Structures are given as structure tokens and as C-alpha cells.
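The values are calculated or read from the model by the stated rules, or taken from the named source; none is laboratory data. Nothing here was measured: the structure is a model prediction, and the numbers come from that model. As a convention, Cβ positions derive from the backbone with ideal geometry for all residues, glycine included, and neighbour counts pool all protein chains shown. Just so you know, the surface numbers come from the protein's heavy atoms only, side chains and all, with ligands and any DNA or RNA stripped out. Shrake-Rupley method; radii C 1.70, N 1.55, O 1.52, S 1.80 Å.
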Amino acid sequence: MAQTYLNYIGGEWVAAQRGRTFENRNPARRDEVIGLFQRSDHEDVGRAVQAARRAFDAWRHTPAPKRAEVLYRLGHLLIERKEELARDMTREMGKVLAEARGDVQEAIDMTLLMAGEGRRLFGDTTPSELRRKFCLTVRMPVGVVGLITPWNFPMAIPAWKIMPALICGNTIVFKPATDTPLSAVRLVELISEAGLPPGVLNLVTGGGAEVGQPLVAHPGVRLISFTGSTASGQEIALGCARQMKPYALEMGGKNAIIVMDDANLDLAVDGAVWGGFGTSGQRCTAASRLVVHRAVLGELQERFVARANALRLGDPLRADTDMGPVINDSQLENIHRYTEIGLEEGARLLTGGERATQGACALGSFYQPTVFTEVKPSMRIAREEIFGPTVAIIAVHDLEEAIAVVNDTDYGLSAAIYTADVNAAFQAMEEITTGIVYVNASTIGAEVHLPFGGAKATGNGHREAGRAALDTFSEWRTLYIDYSGKLQRAQIDV
Ligand code: UN1
């Protein structure tokens with residue numbers, strides 16, 4: 001009998017009001033049920049918001065260095081439990097164990113980074129234009145914040161949002177993806193063990209329509225931070241706009257690697273394999289396009305396909321597995337639909353293009369590493385986010401054309417260039433319109449102390465991680481202190 005996991009509201013583990021649950025299965029072995037989770041609805045959201053509102057006053061008045069102590073304790077608990085957290089994550093989400101450990105590590109890094117912010121949270125001090133007048137800015141919490149997170153980074157992305165929200169003094173209602181609620185429960189268990197006061201962080205599991213939408217619509221929630229698809233992000237933006245509620249959105253990508261004729265091809269192939277097939281291509285930073293100089297096209301293509309074919313698919317808990325399953329069968333069908341679209345559009349399939357069913361793959365939702373060449377920038381497989389192990393190769397004549405192709409997409413998250421030419425590298429860094437640009441490294445590999453996010457349809461101008469995250473989760477308060485003892489008029493009295 002599968003274990004049942006509960007919501008966490010006001011410091012208590014509780015069942016959803018209506019008593020409904022949903023099943024979470026292992027994508028590598030569909031017969032394995034990970035657990036039953038609460039299928040919550042607007043009533044549960046309402047209770048969680050109420051608990052978060054009640055906890056807000058005490059938490060915002062807790063000095064930030066004291067809030068940080070909870071985060072330091074949490075960081076150490078995460079370090080201690082890293083291995084079991086990674087195993088749970090691999091079981092529910094399917095990324096290979098080494099990557100799951102990396103996901104937990106990213107949560108650790110963010111937790112400790114934000115704990116350090118407890119003694120910084122810097123604002124500005126600046127002179128006044130008037131005498132005996134003092135000007136400064138301080139960060140104030142926003143209030144109750146709603147966090148909606150995806151399944152592809154079940155612990156890292158929740159940590160990117162929860163940790164800055166907490167250190168800034170907000171209280172939280174957290175809705176994790178329905179495909180990865182176990183990692184969310186584990187994280188919340190540890191935060192509570194670390195001593196977070198009841199009500200400061202509340203967990204409500206369930207679907208987008210039943211939990212996400214009421215969270216966005218609730219007038220008591222003062223900010224929504226969301227990572228997920230562009231379609232859902234647009235819905236959230238519209239819902240928030242009706243209430244003048246701020247929202248920070250982190251959405252899709254159609255990231256590209258440029259390989260120039262002078263590139264170190266060993267390095268470029270390593271980066272293309274890691275970027276294209278790491279996490280089975282299910283990263284918003286995945287390298288789903290390879291933009292290759294014609295002079296090296298043949299060789300690059302040959303080496304890349306050989307490496308794709310050599311990837312070992314199977315049980316992601318095994319150390320010798322390179323690539324695990326995709327998240328579920330409906331996503332797998334979506335990935336396969338794009339293979340059909342690519343073929344219909346006239347791209348040439350070099351390898352893959354089918355569900356993988358050999359050996360252990362027969363038990364789960366596996367898709368073969370898939371490579372298309374002769375892809376034109378106008379094709380849908382070159383423009384739309386597939387979120388699977390599918391890479392489109394586009395040939396170009398020179399750097400200018402390569403940059404134009406990279407930029408010719410609605411998205412703007414990450415890009416990379418492999419070249420030995422410093423001028424080409426700088427030109428790419430300047431001209432590519434993504435939030436993140438890598439030189440001689442793949443499109444994935446963001447670190448927590450730098451801003452993460454993108455332009456165009458990828459985001460709405462916010463950045464996660466680094467100091468930038470504090471700007472999302474705090475309101476600036478500007479303070480003027482006039483100690484002249486008389487009326488002084490700015491802009492008028494000189
Ligand atoms: C995501 O793809 O949703 O740079 C986040 C990376 C990771 C974070 C990715 N550190 O790929």
C-alpha cells in the first residue's frame with residue numbers, strides 16, 4: 001500500500017478538505033507508485049493563505065539575521081540528507097542520480113547564499129539635495145507570496161524561490177508540480193525541522209486549475225512567482241493583472257549552441273551532448289538547437305550522432321545510466337509529435353525519433369536521443385520548445401548568420417558559442433539576445449549567485465537567483481529624514 005503524504009498548513013500536516021488524493025508514479029517504472037498526495041482545491045488554498053497571513057507579522061518582525069539561522073540549519077540538514085533526497089527525486093522524476101544530487105546541491109547553495117543575505121540585504125544611502133536631510137532605502141517584505149514550481153528541478157527551483165522569499169520576511173504558500181510532490185514534501189519537512197515558525201511556509205499539493213488558479217486569484221496573496229510553460233505564465237499574468245498583483249515569470253527556452261569553424265570540436269560535442277540530452281532535454285536551458293558553421297558540419301554531425309547513439313538509457317538510479325526517462329507519457333507523446341512535425345517539415349532525421357523500449361526502458365516513459373539535420377530556422381522544431389531529447393542542427397555560413405539564427409526565436413534564455421576567436425566570442429556576447437550567454441561551455445550550468453532568467457517570451461523582466469532574487473521578493477521603501485527643523489522644499493529651495 002502506497003504511503004499517503006499530506007499538505008502542510010499552519011505548521012500541521014493535514015489532509016485536503018475534500019479528502020481526495022492523486023497518485024505519483026515513477027516515470028522509469030510505471031508500476032511503482034511513489035505515494036499518494038493531496039488533491040487540494042481552493043478551500044485548502046484559502047486555509048493556507050490564512051495561515052500565511054497570520055504568521056506574517058511575527059516573521060517580518062524577526063530580524064533578518066535570525067531568519068537566516070533557520071536557513072543555515074536547513075542548509076546543513078540538506079547536506080546531511082543529500083543522498084536520500086537525491087534518490088527520492090530520481091524515483092519520482094527520472095533524472096539520473098548524479099543530476100539529482102546536483103539538483104539538491106543547487107538547493108543547498110541557494111539556501112546558504114540566502115542565509116548570508118540575512119546580514120546584508122543591502123539598500124542605498126545617498127546624500128540629499130537639501131541640508132540636514134538624510135536619504136536611504138530599505139527592503140520590506142511583500143507579504144504572502146504564492147510560489148508555483150515545475151517538475152524538472154524538483155528541489156532547486158523551489159529553493160530559488162523559497163529562500164529569497166523567506167530571508168526578505170515574506171510568508172509563503174507553495175504549490176509544487178503534480179509530477180514531483182515528494183521532493184516538495186521532503187524540502188518542507190526539513191524546513192520545519194530547521195525551526196521555521198508555523199504558518200511561514202505552507203505546502204498545498206494539487207493541479208494547476210484546482211490549486212494554482214485559486215492561489216493566483218486570492219486577494220490575500222501579494223505576489224506570484226512562477227516557473228513553467230509560457231502558456232501557463234500568460235494565464236498567470238492575466239490573473240495577476242486584474243488585481244495589480246506583481247508576478248515574476250520564468251518560462252520556456254529554445255536555446256542554441258553555435259559551433260564555429262575554429263571551435264575545439266571535442267569540447268563542442270561534449271557540450272552539445274550534455275546540453276541536448278542532460279535531464280533528457282527537459283531543462284529550460286537545454287541546447288535544443290545546434291547552429292553549426294558549414295566548414296565543420298559533417299564532422300560535428302558525425303561525432304554528435306555517434307555520441308547520442310552511445311548514450312545508455314535505463315534505470316536512472318544506476319550509476320552506468322546516462323539518460324533516464326521523460327517525465328510522463330503525455331510529455332512523451334508531445335515529444336514524439338514534434339518528431340512527426342520535423343519529418344513533415346522536411347528535416348532529415350539522423351537518429352532516434354522513437355520511444356525507447358529496449359531492456360529496462362520497456363518499464364517506463366523513455367524516448368530515444370533524437371537528432372534532426374537540414375533544419376531551417378523557420379521550421380517548428382527550430383522554434384518551439386519541445387522539452388525532450390530532440391536536437392535540431394542548423395547549418396550557417398558565418399558568425400553573423402549564426403547570431404541571427406540564434407536570435408530568431410520568441411524565447412531568450414540561454415545560448416553558447418564554441419570558438420577560439422576572442423573577437424567572435426565578444427561579438428556573440430554582445431549581440432545574442434538571451435539572458436545568459438556561455439563561451440566554450442554548454443547552455444546549461446547556471447550558478448546560484450548570478451542572475452538567472454531571460455528576455456522575450458522567456459520571462460517578464462525579472463531574474464531569479466543572485467542578488468536579483470531579492471528585488472522580486474522585497475519592496476523598496478525610500479526614507480527621507482529631515483532634521484533641519486523647518487520646511488524644506490525639494491526642487492524648489494536651493
Ligand atoms: C531549468 O532549466 O529550469 O543551468 C533550470 C542549469 C541549472 C538550472 C536550470 N542550473 O541548467
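A few remarks follow.
- If only residues of the stretch 225-262 that are of a type in the set (A, V, I, L, M, F, W, C) and more than 30 Å from residue 389 (Cα to Cα) are counted, the one that is most open to solvent (accessible area, probe 1.4 Å) is 244.
- Just one of the listed residues (374, 431, 401) is more than 30 Å from residue 28 (Cβ to Cβ) and without any contact (Cβ under 8 Å) to a residue 12 or more places away in the chain, namely 401.
- Per-region count, the stretch 263-284, residues on the phi > 0 side of the Ramachandran plot and either free of Cβ contacts under 8 Å to residues at least 40 places away in the same chain or open to solvent by 10 Å² or more (accessible area, probe 1.4 Å) (or both): 0
- Given (1) in contact (Cβ under 8 Å) with a residue 40 or more places away in the chain; (2) open to solvent by 20 Å² or more (accessible area, probe 1.4 Å); (3) more than 17 Å from residue 378 (Cα to Cα), number of the condition residue 330 does not satisfy: (1)
- Qualifying residue in the stretch 298-307 (condition: assigned by TED's automatic domain parsing to the domain that holds residue 410, of a type in the set (Phe, Trp, Tyr), more than 16 Å from the ligand (Cβ to nearest atom) and not in a loop (DSSP other than H, G, I, E, B)): yes
- Listed by position, the helices (runs of 4 or more DSSP H) contained in the stretch 393-494 that have at least 1 residues being away from the ligand (no atom under 16 Å from the Cβ) and in contact with an Asp or Glu (Cβ under 6 Å, 6 or more places away or on another chain) are 399-407.
- Selection of the stretch 362-388 for residues being crowded, with 20+ Cβ neighbours inside 10 Å and either in the same structural domain as residue 28 (by TED's automatic domain parsing) or farther than 16 Å from residue 256 by Cβ (or both) yields 364, 365, 366, 367, 368, 369, 370, 388.
- Those residues of the stretch 70-83 which are among the charged types (D, E, K, R), open to solvent by less than 100 Å² (accessible area, probe 1.4 Å), part of a helix (DSSP H, G or I) and touching a residue at least 24 places away in the same chain (Cβ under 8 Å), in sequence order: 82
- Looking across the stretch 285-296, just one residue is buried (at least 24 other Cβ atoms within 10 Å of the Cβ) and of a type in the set (Lys, Arg), and that is 289.
- Of all residues making up the stretch 148-178, the number that are away from the ligand (no atom under 14 Å from the Cβ) and either at pLDDT below 95 or surrounded by fewer than 24 Cβ atoms within 10 Å (Cβ to Cβ) (or both): 2
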